[in-house]
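I have placed the structure first, in the form of C-alpha cells, so that the comments after it can refer back to it.
Only the coordinates and a few stated rules stand behind these numbers; no lab work does. All figures in this text were calculated on a predicted structure; none of them were measured in a lab. Methodologically, a virtual Cβ is constructed for each residue, glycine included, from the backbone with ideal geometry; neighbour enumeration extends over all protein chains shown.
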Amino acid sequence: MISPVNNIVSAAWLHQQLSDAMLSASIVVLDASAFMPDVPRDPQQEFINIRIPTARFFDFNHQIAAPNTDLPHMLPSADLFTREVSKLGVNNTSHVVIYDSQGMFSAPRGWWMFKAMGHDNVSVLDGGLPAWLAAGYATQTGLPTVNTIGDFCAKYRSDWVIDADSLCQKLDDSHIQIIDARPTARFLATVKEPRVGLRSGHMPNAKSLPFGELLTDGHFLPVAKLKQKFDALSNNDQRLIFSCGSGVTACILALAAQVSGRDNVTVYDGSWTEWGANEKYPVVK
C-alpha cells in the first residue's frame, strides 16, 4: 500500500518544515489555484494578495499547459514542463508541496502533473490555504523572488495519462474501470453541460463518483472511508481511469485513490470537454 504521507501533508507538518532552515531548503511550495470558467476570480491576483511563505504560482491553465489546442489546460510536453517548472526553482531532489485556495480542488491537478512527469516526491496540502489560515500561520504578499533556476528534468510516464482514442478502445475492458468525477446530474444527463456544445451523459460502462463525496470542509475523508468509496466501484486489480469536465477534478479522485492504496491510476486529460464534443465517441444517457 502507498503511504498517504507521500501524497498528503497537513498544515502543521508544512509549517514545521518551513520553520526549520535545514528542512525548508528541500521544500518547494506551489500554489496551483484555479477556478471554473464561470467563477469571476483571478487566482494569480489572489496569490499576490495572500500566499503561504516561499510559495510560487503554478499556472497550469496557461503557462504550464500544452499550446496550440482548443482544449483547456492540457498536459504539456516534458520539455515545456521541465523549462517552466525549473523557473519556479524546482530541483529533481525537491519535495514539492502543492496547495490551492479552495482547500482541495485544483492542487491535485498539479500533483498529477508532477507524477505524470516522473516526480514522485510531491504532496498536496490537505485543506489548502484555508487550513493554513485557520491554523493562524504567517502569510506573505506580493510576487515572490526566485533567485535560482532549478535542475528539474521531466521524465514523462505514459501510464498516468490516456487520450480519447486509446480510452475508446478500452470501454469494454474488464481490467479497467472508468470513474467520472462530475456531479451525478451531469453524469445522468438530467442537466445540461455547463460548456456550450457538449453532449450530456457519460461513457459506456463508466461509474459515477462525484469528487465532493470524497471531501469534507476541503479535507479528504479518512483513508478507510476513501477505500470504501473505491471498493464499492471497482476491485483492487483494475486500472482506474478518471474523467471529469476538463481534467481537474478527475485528479482529486486519482489522488484519493492513491491515498487509499490504489496505485494503478490514470487520468483522461481531455475529459468531457473533449469526449462530449466529438460525435465519434459514444455517450450513454
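For the range 76-87, what does the Karplus curve 6.51 cos²θ - 1.76 cosθ + 1.60, with θ = phi - 60°, yield as ³J(HN,Hα) per residue in whole Hz, taken in order and with x for Gly and Pro?
These are the phi-based 3J(HN,Hα) values: x, 5, 4, 5, 5, 4, 4, 4, 6, 6, 4, 5 Hz.
Given H placed 1.01 Å from N in the peptide plane, which residues other than close sequence neighbours of residue 97 have an amide H under 5 Å from its amide H?
28, 29, 30, 123
Scan around residue 57 for amide H atoms under 5 Å from its own, H built in the peptide plane at 1.01 Å from N, and keep only partners 5 or more places away or cross-chain.
31
Using θ = phi - 60° and the Karplus form 6.51 cos²θ - 1.76 cosθ + 1.60, what ³J(HN,Hα) does each residue of the range 159-167 get, whole Hz, x for Gly and Pro?
Result, ordered by residue: 5, 8, 10, 9, 9, 5, 5, 5, 5 Hz.
Over 25 Å between Cα atoms: which of 229/285; 227/280; 207/280; 87/155 fall into that group?
Result: 227/280 exceed 25 Å.
When N is the residue count of the chain, what does its C-alpha Rg come to as a fraction of 2.2 N^0.38 Å?
0.97
If you project the alpha carbons of the range 159-275 onto the principal axes, what extent comes out on each, in Å, largest first?
Here the Cα extents, ordered largest to smallest, are 39, 32, 20 Å.
Using only alpha carbon positions, build the gyration tensor of the range 4-156, then give the equivalent ellipsoid semi-axes as the square roots of 5 times its eigenvalues, largest first, whole angstrom.
Working from the Cα gyration tensor, I get semi-axes of 22, 19, 14 Å.
Give the long-range amide H neighbours of residue 8: residues separated by 5 or more places, or on another chain, with amide H under 5 Å away, using H modelled in the peptide plane at 1.01 Å from N.
124
For 251, 168, what ranking results if the residue with the fewest other Cβ atoms within 10 Å of its Cβ goes first?
The fewest-first ordering by Cβ neighbours comes to 168, 251.
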